[in-house]
1. Sorted by packing (mean other beta-carbon atoms within 10 Å per residue), highest first, where do 250-258, 218-226, 48-56, 266-274 land?
2. Sorted from largest down, give the three principal axis spans of the alpha carbons of segment 1-104, whole angstrom values.
3. Please label the shape of segment 182-284 as rounded, prolate or oblate, based on the square roots a ≥ b ≥ c of the eigenvalues of the alpha-carbon gyration tensor (a/c under 1.5 means rounded; beyond that, a/b larger than b/c means prolate, else oblate).
4. Could you run the Karplus curve 6.51 cos²θ - 1.76 cosθ + 1.60 with θ = phi - 60° over segment 246-262 and give me ³J(HN,Hα) per residue in whole Hz, x for Gly and Pro?
5. Run the helix sum for the chain: -39,500 (n - 2.57) per DSSP H stretch of 4+ residues, divided by residue count, reported at 222 nm to the nearest 500 deg cm²/dmol.
6. Calculate, for the chain, the solvent-accessible area per residue in square angstrom, rolling a 1.4 angstrom probe over the heavy atoms of the protein chains.
7. Given a 1.4 angstrom probe, I'd like the percentage of the accessible area of the chain that is carbon and sulfur, rounded to a whole number.
8. Under the definition of Cα pairs under 8 Å and six or more residues apart, what whole-number percent is the relative contact order of segment 43-104?
Amino acid sequence: MTENSKTRLSALTALGRPLDPAWPTNRAVLWLMPLLAALGAGLAWRDGLEGVAVGLAALRAALLGFGAWALARELAPDDQAGAFFAMAIALTTLINVPEPGFLVLFLALFLARLMNRSTGLTLKLTDAIAVLVLGSLLAWSHDSPVPLVVVAVAFGWSAFLPGGPRWQLWPAALALLFAGVMALSVGPGIGSGAPLSPHGVWLPGLFAVAFLITLFATRTVTAVGDLDGKVLSVRRVRAGMWIVLLLAAANLAHGSPLAAQGVAVWSVLGGVALGRLVQRFRAR
């Protein structure tokens, strides 16, 4: 993406990050997209699908791989390898979960960027509206106010972190208001589904513990904002990690079948933790 394109994008949003092919890892992601699409198409063909369904499966696989990679880059800005681990783990979920929850994945991505300001820009009003809309869509699709509560926490927390404008308390209040209205109409959402299988409990639990260790071990950050060139605030990066973990845990607490919508995010948390482990091993 050219500098003029970046400037035009930054004028519209503080949450959009172009995939600049000048970086080797970004080029690797672009090269992998056709392979991921072929993987998705192959899995669909294995399941007896054909025609448009195969094309949609190919698109989902490519989008899942990219989304998992992008979210991992937000959660661990200094770890290039962890993002590819997250991509690989997320893709394995397609074997059992053909639609692994894109609304949860991309809400997590935008909330992480809202918190860590990896673009180097202050949140814009249009961004706040977009996050509220995405959170509302997820809440509506799940018949649960919980995603909106997480959105409210993110806006409110970000307002008091370094560089956070206080006006973000307004979208936080709106998200809480919407959550309250939903709670009155559909209930709290938590525990509304069927109990999870043992596998559905212990695997996210393992990823959560590993990710928490990674979170507490994150004491410094060297990555810089895309446009301002300033080192990211470690407080903001850690806050983004907490918010994404909260979103994943809240989704899991819905029970089955809605918990399956969070498998992509849990895969990313596991990939980030694995990347940190590999970093420590290589350092030694």
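The values are calculated or read from the model by the stated rules, or taken from the named source; none is laboratory data. A quick note: this is a predicted structure, and the numbers were derived from the prediction, not measured. Cβ atoms come from the backbone with ideal geometry, glycine included; neighbour counts cover every protein chain shown. The protein model used for the area step is the full one, side chains on, heavy atoms only, and it has no ligands, DNA or RNA in it. Shrake-Rupley method; radii C 1.70, N 1.55, O 1.52, S 1.80 Å.
1. So the peptides 250-258, 218-226, 48-56, 266-274, ranked by packing, come out 266-274, 250-258, 218-226, 48-56.
2. Computed over segment 1-104, the largest-to-smallest principal extents equal 45, 27, 25 Å.
3. Verdict is oblate for segment 182-284.
4. Those phi angles translate into 5, 4, 5, 5, 5, 5, 4, 5, 5, x, 7, x, 5, 4, 5, 5, x Hz.
5. -23000 deg cm²/dmol
6. 48
7. C and S atoms contribute 71 percent here.
8. Across segment 43-104, relative contact order equals 30 percent.
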